[in-house]
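Have a look at the structure below before the remarks.
The values are calculated or read from the model by the stated rules, or taken from the named source; none is laboratory data. Note that the structure is a prediction, hence the values are computed from the model and not measured. Here the Cβ positions follow ideal geometry from the backbone for every residue, glycine too, while neighbour counts run over all protein chains shown. Just the protein is used for accessible areas: all its heavy atoms, side chains included, with ligands, DNA and RNA removed. Shrake-Rupley method; radii C 1.70, N 1.55, O 1.52, S 1.80 Å.
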Amino acid sequence: MNLKQLIKKMTLEQKLAQLSQFTADCLSVTASGAISGPAGELALTKEQVSATGSTLNYIGADMMKGIQDEHMQNDPNKIPLLFMQDVIHGYRTIYPIPLAIGASFDDQLAEDCCRMAAKESALGGVHVVFSPMVDLARDPRWGRCMETTGEDPYLNSQMARAMVRGYQGKMKGKYDVAACVKHFACYGGAEAGRDYNTVDMSMRNLQDYYLPAYKAAIDEDVEMVMTSFNLLNGVPSSGNKWLMNDTLRKKWGFDGIVISDYNAIREMNMHGYCATEKDCAEKSIKATCDIEMRSATYLQQVPNLIIEGKIKMKDIDKAVLRVLKLKEKMGLFENPYLVADGEKEEKVCLCKEHREIARKAAEKSAVLLKNNGVLPFDTSAKKVAVIGPFADKGMIGFWACLGKAEEAVSVAQGVKNLLPDATVTCQEGCSSKLNETDISGVEKAVELAKESDIVILTVGEEAYHSGEGNSRAEIKLSIAQQTLIKQVVKANPKTAVVLFNGRPLVLNGIIDDMPALVDAWQPGTEGGNAIANLLFGKVNFSAKLPMTFPKTEGQIPIYYNSFRTGRPKGDDSSDAGYCSRYQDVGNLPLFPFGYGLSYSTFQISKPTLSTNVITKKDKLVAEVTVKNTSNVDGEVVLQAYIGDDYASLVRPVKELKDYKKVMLKAGEEKTVKFKITEEMLRFWSANDKFESEYGSFTLWISDCSDTGESVKVEYVKKR
Ligand code: BGC
């Protein structure tokens, strides 16, 4: 199809409608041509509604087909709608939240999960998924930590790439859907962890930490980018020319569609950046934001901006072309429904194969944080108590798209499935309310614990305690949940605590009471089966924390790749004064990035090097021997960290540069190699580009960010 010809035929109003996205409930025009409801509130005309380019928030293939049908009858140019949806961690079969997927340190797993979500979405009529969300997060108070893969730019970049591969394939297969990386940029840097809040940061911080994961998605050919709600150094993202035009398009070469976040263009007025809606539209168009989501400033203001010569028609045409190109690439002009099919959707969603992927993902993302030996539980247990507010609840988490909690396996159900002969009894103990103090149910829970062989104690957060708009200033368990833990453990020390959470939580004051602690995050449709398999040792733990767990909120922000100071404290046992420390709590976190236990134990040798010098061309190979010193098969995540000893801009203590998951049978030993290249040593320099500097570096290969023996590596001009 000749898209440029098509654009020539279009009126300005029709072009602007292609650049406008409304929720599905805005798209209906009655026979008399009346516009009511949300579309009426937006003051849209019948013509604008009929020519709209894309939509979001509808449910399933049948509804999609109905909307597309009506649209194709009314659209003057017969241009099909693009259907977009928040498929964040699954469409109907829900796998663990992205933060949990980060904990898996397993790129293939992330890809497989997104592939599965792509298939269900495509059958459900989705063309674009609003994922991956790759905002780096260092503040667990922020509710949207659950949507990211964590605090590390390298891990986030690898995950971003894997997710784009999973959704998009090669953009040729029948179940390939377009991905939309978000939220560009730095939404995770929200001050004080308060959602939608200001982000103010240095260029160095931006380039080294916050931007790489978006760039990784661009390098993987992601089709779309979504702006963020926040200010970045004084300018809201949706009107930020430096961010979108200069960086994303010119520097990174992105030529796909940029869409604003929901109402974010109009919100530039609330931000105090644009005095009028006209100003909002002008700034966003000039910044090259192509589609406006859920507000109508383009439709209503651009015609006058064109008359006044403030916006050029050729810029509008370029944006429309980008939108039409995606429609053409996906084959929508030939078949506006693609593979949408209600019957097949029903059959494929929650099918055995997809449930298995979701279960495997939950098993590979739950982190064993503590174990005094009580785990794994013996499968011969006859009386199993499952206590706590989440004992018999499907835990699918925030942004679960079409997923239903009642279609998910609870912990109690998972244990019943695994141990059909055992008696599994539940007791809530207390409610899940954030500030719950009512402990009247604890007594009954204690009675049950006493008469049971073992206890699984479920605590933590509901889905809606994290996610968009759900920041928390205090990230502790409620008084009621803490009391429940203390009393139940006292009654039966054979207790394992299972934590559900969308972010790291503060567990000080209660962690010492727990014989064992499993971080299950929000594990999705198959959560209960996965947790049962892990607790009873059918499957081993292998996940590692993708975000640091602070000891107390006062330590936030806390992350492993921080800078050294001129007055380092050393470890927390020293109480030296006049150094960088708190007087009342130590500097160390409760659990660092990269931490996680297993039923196996591993011994990792000091790295040996093929040579200790590298040049721009000549890499080196670092090798470790890793041995499974236990009698249980297990998988270890080997993590390679590098620290730049001295540089023209001070570098962090260490940074993750590579990771590998290694499976080892009981007693088995393997040699694992890591390539160390000059590229790994680059950072955003005072010359405003990524550069490396000659000098000495420290290298660790370990199974956590705070352990491991190091070796020195030199980067030199010539060997
Ligand atoms: C969120 C986005 C989401 C969009 C559409 C916004 O509120 O920030 O992540 O994709 O809504 O639902």
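Quick notes
- The eigenvalues of the Cα gyration tensor, multiplied by 5 and square-rooted, give the chain an equivalent ellipsoid with semi-axes of 43, 33, 24 Å from largest to smallest.
- Shape call, segment 66-177: gyration tensor on alpha carbons, a/c limit 1.5: prolate
- Distance histogram for segment 183-231 (every C-alpha pair counted, 10 angstrom bins, percent rounded to whole numbers): 27, 51, 22, 1
- Convex hull per residue volume in Å³, alpha carbons only, for segment 353-535: 103
- Heavy atoms of Cys280 accessible to a 1.4 Å probe, total area in Å² rounded to 10: 0
- Long pairs among Lys364/Lys627; Lys9/Lys318; Lys617/Lys673; Lys251/Lys544; Lys172/Lys314, criterion Cα-Cα beyond 24 Å: Lys251/Lys544; Lys172/Lys314
- Glu474 accessible area, assembled protein chains, probe 1.4 Å, Å²: 120
- Loop-located chymotrypsin sites (Phe, Trp or Tyr not before Pro) in segment 386-423 (DSSP state other than H, G, I, E, B) with a sparse environment of at most 11 neighbouring Cβ atoms within 10 Å are absent.
- Antiparallel content of DSSP bridges confined to the chain, in %, to 5: 50
- Remark: accessible surface ordering of Tyr298, Tyr464, Tyr196 (largest first) is Tyr464, Tyr196, Tyr298, probe radius 1.4 Å.
- Principal axis extents of the Cα atoms in segment 308-438, from largest to smallest and rounded to whole angstrom, are 74, 39, 27.
- A 1.4 Å probe run over the protein chains yields, for the chain, 38 Å² of accessible area per residue, whole-number rounding.
- Coarse-grained scattering of segment 602-715 at q = 0.09, 0.11 Å⁻¹, given as base-10 log I(q)/I(0) from a Debye sum over alpha-carbon atoms: -0.26, -0.38
- Loop-located chymotrypsin sites (Phe, Trp or Tyr not before Pro) in segment 642-719 (DSSP state not H, G, I, E or B) with no more than 16 neighbouring Cβ atoms inside 10 Å: Tyr646, Tyr694.
- Kirkwood-based shape ratio for segment 8-142, expressed as Rg/Rh from alpha carbons: 1.08
- Estimated from helical segments only, the mean residue ellipticity of the chain at 222 nm is -8000 deg cm²/dmol, where each DSSP H run of four or more residues counts as -39500 (n - 2.57).
- Percent accessible area from carbon and sulfur atoms, the chain, protein chains only, probe 1.4 Å: 48
- Restriction of the trypsin sites (Lys or Arg not before Pro) in segment 547-583 to DSSP coil positions whose beta-carbon has at most 15 other beta-carbons within 10 angstrom yields Arg564.
- Table column - 3J(HN,Hα) (Hz), segment 539-553, Karplus curve with 6.51, -1.76, 1.60, x for Gly and Pro: 9, 8, 6, 9, 7, 10, 5, x, 9, 5, 9, x, 7, 8, 4
- The mean sequence separation of alpha-carbon pairs under 8 Å and at least six residues apart, normalised by the residue count of segment 305-430, gives a relative contact order of 20 percent.
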